[in-house]
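> Sharing a structure below in structure tokens format, with a few things to ask.
Readers should treat all values here as calculations from the given coordinates under stated rules, not as data from a laboratory. Just so it is clear, the structure is predicted and the values come from calculations on it, not from any experiment. Counting neighbours? That spans all protein chains shown, and the Cβs are built from the backbone with ideal geometry, glycine included.
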Amino acid sequence: MNTVIYELPWGPNKKWLNEGLLGKIIGGWQISNIFVAQSGTPLSITASTTLFNTPGNGGNQTAYADLVGTQTILGGLGPGKLYFDPKAYAQPANATQGNLTRNEGPEGPGFWELDSSLFKRFAVGGKRYAEIHVDMYNTTNSVRWGNPNTGFSAATTGNTFGQIGGIAAGSGPRTIRFGARYVF
């Protein structure tokens, strides 16, 4: 994560437009940005637990798939596109656990996001000031994709194994907020 605050170079006591009414109006504005980049989380490739043949487990046991090839991220984002190669995995033999363990699959999609603010303070007198600002979340309107379906399936129809079904929880489109405050 990186944070930057920059005061624009015009207005009183600045490089450009440092005199006159226009300089006073457009001077004193600051821009701040927060940039976040994050890698994806490791995925757990699971298999069907119905073949475990272990009565009484109550469905609390996780079965992991067999790795039978090379784990490859294909990079498809969105429904109908493969994010990773599903041919690298198989259902383990009956009553056995697969050779993969928790978080041994490929990494899910990473993301990056830029949040920005534009604001200006107006001196009122003494320690008092007024401030106006515009805050923009997800400035670039970037999509934060969810993780792909990691439940192994050999079905030929309706199979979404290896596909990303939508965006991650908590992500959303660009949001703009306007505000003002008076500090006294």
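> Which of THR49, THR157, THR140 moves the most in a Gaussian network model of the chain with Cα springs under 10 Å?
Top of the fluctuation ranking is THR157.
> Using only helices, what value at 222 nm comes out for the chain when you add -39,500 (n - 2.57) per DSSP H run of length 4 or more and divide by the total residues, to the nearest 500 deg cm²/dmol?
Rounded to the nearest 500, the figure is -1000 deg cm²/dmol.
> Moving to a separate point now. What are the radius of gyration and Dmax of the chain, computed over its Cα atoms and given in Å?
26.3, 84
> Could you tell me the center-to-center distance, by alpha carbons, between segment 10-43 and segment 150-183 in angstrom?
If we compute the Cα centre of each part, the gap is 30 Å.
> Using a cut-off of 17 Å between alpha-carbon atoms, which lysines can reach LYS127, once sequence neighbours fewer than 8 places away in the same chain are excluded?
Correct list for LYS127: empty, as no lysines qualify.
> In the neighborhood of ILE45, defined by Cβ-to-Cβ distances under 13 Å, what is the net charge if each Lys or Arg adds +1 and each Asp or Glu adds -1?
Once positives and negatives cancel, what remains is -2.
> Select from segment 92-184 those trypsin sites (Lys or Arg not before Pro) which occupy a DSSP coil region and have at most 14 other Cβ atoms within 10 Å, ordered by residue number.
When the trypsin sites (Lys or Arg not before Pro) of segment 92-184 are filtered for loop state and at most 14 Cβ neighbours within 10 Å, ARG102, LYS127, ARG174 remain.
> Taking the Cβ of each residue in PHE122, PHE161 as the centre, tally the other Cβ atoms inside 10 Å and list the residues starting with the fewest.
Listing PHE122, PHE161 from fewest to most nearby Cβ atoms yields PHE122, PHE161.
> Taking 7 Å along the Cα-to-C-beta vector as the label spot, tell me the LEU8-ALA93 distance in nanometres, rounded to one decimal.
For the pair LEU8/ALA93, the computed spacing is 7.1 nm.
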